[in-house]
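Written below as structure tokens is the structure these notes are about.
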Amino acid sequence: MKKRLLDLLICPCCLPGEYPFIVDIGREHDGDIESATLICPECEARFPIDEGVAMLDPHATDSQRTANKYETDEVVSSYMWSHFGDLIADEHASQAYSTWAGLMQPQVGVALDAGGAVGRFTFEMSTRCDFAVGIDTSHAFIRAARHLMQERCMAVSLKDEGLLRREVTIRLPDKWRSDRVEFLVANALALPFRRTSIDLFSSLNLVDKVPSPIRHLREMNRVTRDTKAQFLLSDPFSWSTEAAPMEEWLGGKCDGPFAGKGLANVVALLTDERGELAPAWQVDETGSVWWKIRTHCNHYELIRSCFVHASR
């Protein structure tokens, strides 16, 4: 983990309190912490940095990690194709990430990509701000993203059919700056960042996957600045009780709180001057993007992800 991030980090167990870590560094090299323990002075929680990966998810357990489908090689491979398929000139590749990136205006400051998976949008943001951080609860995703950050290329085995596989190499464009990105294992419902420390915040295909969507938005609002901030949310709003109880959904219901469609409800939350996401955001653009994920050469999911870009 890049040492410069320490100034932004706080204990995610103590929120909304803000307690910077005591850092016990075991090994570092050229501004990169390779092994260390981050210790909260208040609750004494300890978070390791192992092989450069900071593990800051307060809800993680070994059993949850073992059961997490996002830790498997096949799912990592699918997401690598989804994020970077256009870089290998795959005719079926999605252009969603470049479209989303085009919505964010360049500005000074720090970008945070919540649920950033294997890192495409975080790399995109390295051209639009001073520094970009991608977080995800999947260790496998974050290790893949950091491999790309460090090596600038990665061999990926794509499933073709049955046991048949095809090897491809993903190479990052020169314009994406490795010195301006970092990736952490962290949770979008308990962000380990100081209040008002983030200038650009993105949440792509995540809000319908977390146990409490409104808590995710509250955390977004806590860490973003009150002025000169941007927020991009894009989601298919595929509400499911497997991800969150129905009472937590921000849409997809006929009556009660957050009846109607998810995008409209998110827009209403953002623009409410006296609401819990105040100070109010101004909606700059809404729309949709077609996003793809690949299982094998004959099986793809095509997903309509509806977005809102807002600023304040």
**Item:** Residue that is buried (at least 21 other Cβ atoms within 10 Å of the Cβ), more than 30 Å from residue 166 (Cβ to Cβ) and either in contact with a helix residue (DSSP H, G or I) (Cβ under 9 Å, 6 or more places away or on another chain) or of a type in the set (A, V, I, L, M, F, W, C) (or both), where the choices are 40, 11
**Value:** 11
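Conditions (1) outside any strand (DSSP E or B); (2) exposed (fewer than 14 other Cβ atoms within 10 Å of the Cβ); (3) at negative phi; (4) in contact with a Ser or Thr (Cβ under 6 Å, 6 or more places away or on another chain), marked per residue:
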position: 250; (1), (2), (3), (4): yes, no, yes, no
position: 279; (1), (2), (3), (4): yes, yes, yes, no
position: 284; (1), (2), (3), (4): no, no, yes, yes
position: 290; (1), (2), (3), (4): no, yes, yes, no
position: 293; (1), (2), (3), (4): no, no, yes, yes
position: 300; (1), (2), (3), (4): no, no, yes, no
position: 306; (1), (2), (3), (4): no, no, yes, yes
position: 310; (1), (2), (3), (4): no, no, yes, no
**Prompt:** Before we move on, is residue 91 free of Cβ contacts under 8 Å to residues at least 12 places away in the same chain, out of contact with any Lys or Arg (no Cβ under 8 Å at 6 or more places or on another chain) and either over 28 Å from residue 224 (Cα atoms) or among the hydroxyl-bearing types (Ser, Thr, Tyr) (or both)?
**Reply:** yes
**Prompt:** Among the residues of the stretch 149-188, which ones are under 23 Å from residue 205 (Cα atoms) and acidic (Asp, Glu)?
**Reply:** 182
**Complete:** Scanning the stretch 175-190 for residues that are in contact with a Gly (Cβ under 9 Å, 6 or more places away or on another chain) and assigned to a strand (DSSP E or B) gives 181, 182, 183, 184
**Residues of the stretch 89-107 classified as modelled with pLDDT under 95 and part of a helix (DSSP H, G or I), total** = 0
**Message:** Looking only at the stretch 99-108, how many residues end up being in contact with a Lys or Arg (Cβ under 9 Å, 6 or more places away or on another chain) and either surrounded by fewer than 17 Cβ atoms within 10 Å (Cβ to Cβ) or without any contact (Cβ under 8 Å) to a residue 60 or more places away in the chain (or both)?
**Reply:** 5
**Request:** Starting from the stretch 276-288, keep only residues that are within 14 Å of residue 234 (Cα to Cα), then list their pairs with residues that are loosely packed, with under 14 Cβ neighbours inside 10 Å whose Cβ atoms are within a distance under 6 Å, requiring at least 6 positions of separation or different chains.
**Result:** 288/304
**Message:** Being within 21 Å of residue 124 (Cα to Cα), modelled with pLDDT of 95 or more and either of a type in the set (Phe, Trp, Tyr) or assigned by TED's automatic domain parsing to the domain that holds residue 113 (or both) is the requirement here; does residue 214 meet it?
**Reply:** no
**Message:** residue 33 - would you say it is touching a residue at least 12 places away in the same chain (Cβ under 8 Å) and within 30 Å of residue 14 (Cα to Cα)?
**Reply:** yes
**Extreme residue, surrounded by the most Cβ atoms within 10 Å (Cβ to Cβ), among residues of the stretch 14-37 that are in contact with a helix residue (DSSP H, G or I) (Cβ under 9 Å, 6 or more places away or on another chain) and assigned to a loop (DSSP other than H, G, I, E, B)** = 21
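Is it fair to say residue 48 is outside any loop (DSSP other than H, G, I, E, B) and modelled with pLDDT of 95 or more?
Taking the combined requirement at face value, the residue satisfies it.
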**Message:** If I filter the stretch 114-127 down to residues being touching a strand residue (DSSP E or B) at 6+ places or on another chain (Cβ under 7 Å) and not hydrophobic (A, V, I, L, M, F, W, C), which single residue comes out as surrounded by the fewest Cβ atoms within 10 Å (Cβ to Cβ)?
**Reply:** 126
**Asked** Out of the stretch 200-211, which residues are under 23 Å from residue 83 (Cβ atoms) and either outside the structural domain of residue 118 (by TED's automatic domain parsing) or not basic (Lys, Arg) (or both)?
**Response** 200, 201, 202, 203, 204, 205, 206, 207, 208, 210
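The values are calculated or read from the model by the stated rules, or taken from the named source; none is laboratory data. Here the structure is a predicted model, which is why all the values come from computation and not from measurement. We place every Cβ from the backbone using ideal geometry, glycine too, and count neighbours over all the protein chains shown.
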